[in-house]
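See structure below.
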Amino acid sequence: MKRCAKNGWLADIAPDRIGVELRKGLSGAKPGNFLRLLIQGNCLEPWFTEFTGADDIPAGPPEYHDKSVTGHTAAIMDEVAGNPLTCWMAMCHDLGKVLTAPDILPSHYGHDKAGVIPA
């Protein structure tokens, strides 16, 4: 996966094929593993760029979140396993947090509205 990403081969995959693989990933028993694997394989570009850097951003203040944005998102995806559409919504629910200005972290004021376009 890392070699494919490094060589830019992921951009050559047809969008409908990405959709098929996404639906498979969201249908699994641990759908968060789909996102975790994309991150581990450096495969967010070009299809899931919204998550670029999200592994380095805290999901929120420590009293509410103990993971990064991607860690939290993957955990929520696992919690709602069984319905691919619900998993998709879980995957998109905190995309606005990636856009948070670094000077207000770990808070994410307005992330719900900021996440509309990326979702």
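The set of residues in the range 67-83 being assigned to a helix (DSSP H, G or I) and open to solvent by 50 Å² or more (accessible area, probe 1.4 Å) consists of 79 alone.
Examine the range 44-61 for a residue that is among the small types (Gly, Ala, Ser), surrounded by fewer than 17 Cβ atoms within 10 Å (Cβ to Cβ) and out of contact with any Phe, Trp or Tyr (no Cβ under 6 Å at 6 or more places or on another chain), and state whether such a residue exists. Yes, the range 44-61 contains at least one residue that is among the small types (Gly, Ala, Ser), surrounded by fewer than 17 Cβ atoms within 10 Å (Cβ to Cβ) and out of contact with any Phe, Trp or Tyr (no Cβ under 6 Å at 6 or more places or on another chain). If you take the residues in the range 94-116 that are of a type in the set (D, E, K, R) and surrounded by fewer than 17 Cβ atoms within 10 Å (Cβ to Cβ), which one is nearest to residue 59 (Cα to Cα)? Here the residue is 112. In summary, residue 91 fulfils each of the numbered conditions (1) assigned to a loop (DSSP other than H, G, I, E, B); (2) open to solvent by less than 40 Å² (accessible area, probe 1.4 Å); (3) in contact with a Ser or Thr (Cβ under 9 Å, 6 or more places away or on another chain) with the single exception of condition (1).
Screening the candidates 50, 79 for the property of being of a type in the set (D, E, K, R) and touching a residue at least 60 places away in the same chain (Cβ under 8 Å) yields one hit, 50. Within the set 90, 119, the sole residue that is in contact with an Asp or Glu (Cβ under 9 Å, 6 or more places away or on another chain) and at pLDDT below 95 turns out to be 119. Consider the range 1-43 and keep the residues that are surrounded by fewer than 12 Cβ atoms within 10 Å (Cβ to Cβ) and of a type in the set (Asp, Glu). The one that is farthest from residue 76 (Cα to Cα) is 12.
The values are calculated or read from the model by the stated rules, or taken from the named source; none is laboratory data. The shown structure was predicted, so the numbers you read here are calculated from the model rather than taken from an experiment. For neighbour counting, all protein chains shown are included, and Cβ atoms are generated from backbone atoms with ideal geometry for every residue, glycine included. What goes into the accessible areas is simple: the full protein's heavy atoms, side chains included, and nothing from ligands, DNA or RNA. Shrake-Rupley method; radii C 1.70, N 1.55, O 1.52, S 1.80 Å.
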